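**Student:** Let me begin by handing over the structure; questions about it come next.
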Amino acid sequence: MTKLKIQSLHKRESELAYAKRQLEILSNGVFQNGELPKFKDKIAETGQFPLRPKKLEILQINLGYMCNQVCTHCHVDAGPDRKEIMTRKTMQQCLEVIKNTNAHTLDLTGGAPEMNPNFRWFVEEASKAGIADFIIRSNLTIIRANKKYHDLPEFFKKHNVHVVSSMPHWTRGKTDKQRGDGVFDKSIKALQELNAVGYGMPESSLRLDLVYNPSGAFLPGNQASMEKDFKKALKEDFGIQFHNLFAITNLPISRFLDYLIASENYEDYMYALVEAYNPAAVENVMCKNTISISWDGWLYDCDFNQMLELKVDSKVKHIKDYNEDLLNNRNIIISQHCYGCTAGAGSSCQGSVT
Amino acid sequence: MNNNYYNPKDLKKFGNITEWDEELGTKYFDYYGKVFEEGALTAREKALIALAVAHTEQCPYCIDAYTVDCLQRGVTKEQMMEAVHVGAAIKSGATLVHGVMMMNKVNKLDG
């Protein structure tokens, strides 16, 4: 794999730090000359264009792009240098929505959401709303990054949150290559600490799921088989247990797009995504049941559209004007990156979709 | 006609062999699919065996396909290289063990 500089695209002042440039790349080349069909035309073949939402089930809130890690494939371009952080005022607007939403799942993400200075206050307030499934996407290493985060497993337990964490492989080499030196050892320690308070144990209601995404320019394997391999290796080598593994496809945006271009894999990867296109996955893509809210309160069809700055196609575009009925009556914005969610068994923040 | 005997794009046309003999082609692909299902061996173990055989058969299509397949199944590069060495050891061993035949013949004719 081509080694990238461990800095965000923003820090490097790369042209790919700009959503507009990424969208140009995704619409030009093999998609402009007709070698590959545009996503819009592909879903039109099965009468699925325009893509429309189903019942809203998940509110995904991005608390900020700041992160203690700089992973090579991060679609957020997160890192320590990113200063975009949700304010308490925007959090209060989110809380009003959480109290009244029909969604059964609240999904907090980042960056490292724990780095938001109002994170704990927000979790405490949000947990009062009684949402059925309250997810926090924790990168694990944050738990070991600083003393002030060491009690996070207990904090998560107190609020009965569902922890979902990235773990690209059960070996040190493959994990550190993607997520940075030392990440594997810290992640293992953090998982052991989560297990120690009851997370991930077979009969425990404290849910601990892991997210796998490939370390290079290839698609994820079968989710059930990968889960079996992860469970066996982590249990045998480190005594770690967890509930489910979500296999997620890397979408060709942001730092992963940068990697694909730098390693001359971009076209082959887009061919692989298009060849693996599965019309059955389109019916269950996450943008159909999710609203993604950015750190500054704007609304998007999904986290990827958020990073591409493609706001929802609705009169309601900001959390302050939130109206679920109006939002559900919209067309979902698509581009060629959407092939990442419809390849093979499909891909979403909850893993495979078929 | 292509200037090369092997063209990577031909791998994707493999399924087309059924066009000239549907019955045998279909039987072959049914068999192939069944062989690679999870069984007493995991699909991951089968992918590693296939990778080793791909090398001993020196089939570029198979090397391409099963390298990607191994990566998708979480096989590490160290495991892949060990599998290739297993194939190479058997391949070279199979050559060398015939040396016994040569020795037998020499001993009989000129011993």
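**Student:** Can you bin chain B into rounded, prolate or oblate? Criterion: square roots of the alpha carbon gyration tensor eigenvalues sorted a ≥ b ≥ c, rounded for a/c under 1.5, prolate for a/b above b/c, oblate for the rest.
**Tutor:** prolate
**Student:** Taking 8 Å as the Cα distance limit and 6 or more residues as the minimum spacing, I'd like the relative contact order of chain A as a percentage.
**Tutor:** Computed over chain A, the figure is 23 percent.
**Student:** What distance in nm separates the simple spin-label points at A:THR354 and A:LYS54, each placed 7 Å from Cα in the Cβ direction?
**Tutor:** Between A:THR354 and A:LYS54, the simple spin-label model gives 1.4 nm.
**Student:** A follow-up question, please. Under 1.5 on a/c is rounded, so check that first for segment A:11-341, then, if it is not, pick prolate when a/b is larger than b/c and oblate when it is not; a ≥ b ≥ c are the square roots of the alpha carbon gyration tensor eigenvalues.
**Tutor:** oblate
**Student:** Stretch B:VAL68-B:ASN107 to full length: gain in nm at 0.36 nm per residue minus the Cα-Cα span?
**Tutor:** Full-extension gain reported as 9.2 nm.
**Student:** Distance between the C-alpha centers of segment A:231-250 and segment A:163-196? Whole Å please.
**Tutor:** 10 Å
**Student:** Would you mind checking segment A:311-352 for residues with the amide N under 19 Å from a putative spin-label position 7 Å along Cα→C-beta of A:LYS228?
**Tutor:** A:345, A:352
**Student:** Roughly how many whole Å is it from the C-alpha centroid of segment B:70-111 to that of segment A:252-282?
**Tutor:** Using only Cα atoms, the two centres lie 38 Å from each other.
**Student:** Give me the net charge for the shell around A:PHE184: Cβ to Cβ below 14 angstrom, other residues only, Lys and Arg +1, Asp and Glu -1.
**Tutor:** +3
**Student:** Oh, and also: Label A:GLU203 and A:GLU125 with points 7 Å out from Cα along Cα→Cβ: what is the distance between them in nm?
**Tutor:** Calculated label separation equals 3.9 nm.
**Student:** Cβ under 13 Å from A:ASN329's Cβ, A:ASN329 left aside: what net charge do those residues give with Lys, Arg +1 and Asp, Glu -1?
**Tutor:** +2
**Student:** Still on this structure, please answer the following. Summing +1 for each Lys or Arg and -1 for each Asp or Glu, what net charge is found among the other residues whose Cβ lies under 10 Å from the Cβ of A:SER294?
**Tutor:** Cβ neighbours under 10 Å give a net charge of -3.
**Student:** Place a label point 7 angstrom from the Cα of B:ASP10 along the Cα-to-Cβ direction, then list the residues of segment B:60-96 whose backbone nitrogen is under 18 Å away.
**Tutor:** Only B:60-66 pass the distance filter.
**Student:** With a cut-off of 20 Å, note down the residues of segment A:110-125 whose backbone N falls inside the zone around a label point 7 Å from the Cα of A:ASN160 toward its beta carbon.
**Tutor:** Correct set: A:120-125.
**Student:** Counting other Cβ atoms within 10 Å, which trypsin sites (Lys or Arg not before Pro) in segment A:100-142 have at most 16 and lie in a DSSP loop?
**Tutor:** Filter output for segment A:100-142: A:LYS128.
**Student:** Here's something else I'd like to know. Rounding to the nearest 20 debye, state how big the charge dipole of segment A:211-350 is about its Cα centre with +1 on each Lys and Arg Cβ and -1 on each Asp and Glu Cβ.
**Tutor:** 360 debye
**Student:** Per DSSP H run of at least 4 residues, take -39500 (n - 2.57); add these up for chain A, divide by its residues and hand me the 222 nm value, nearest 500 deg cm²/dmol.
**Tutor:** -9500 deg cm²/dmol
**Student:** Pick out, in residue order, every one of the GluC sites (Glu not before Pro) in segment A:157-250 that is DSSP loop and has at most 10 other C-beta atoms within 10 Å; say none if there are none.
**Tutor:** Passing sites in segment A:157-250 are A:GLU203.
**Student:** Give the distance, in whole Å, between the Cα centre of segment B:7-22 and the Cα centre of segment A:41-88.
**Tutor:** 39 Å
**Student:** Quickly work out the A:LEU326-to-A:PHE238 label distance, labels modelled 7 Å from Cα along the C-beta direction, and quote it in nm with one decimal.
**Tutor:** So the two model labels end up 4.6 nm from each other.
**Student:** Still on this structure, please answer the following. Sequence gap at least 6, Cα distance under 8 Å: using those rules, report the relative contact order of segment A:57-115 to the nearest whole percent.
**Tutor:** 56 percent
Taken together, the values in this text are just the output of simple stated rules run on the coordinates, not laboratory data. Quick caveat: nothing in here was measured; it's all calculated off a predicted structure. Backbone-built Cβ (ideal geometry, glycine too); neighbour counts: all protein chains shown.
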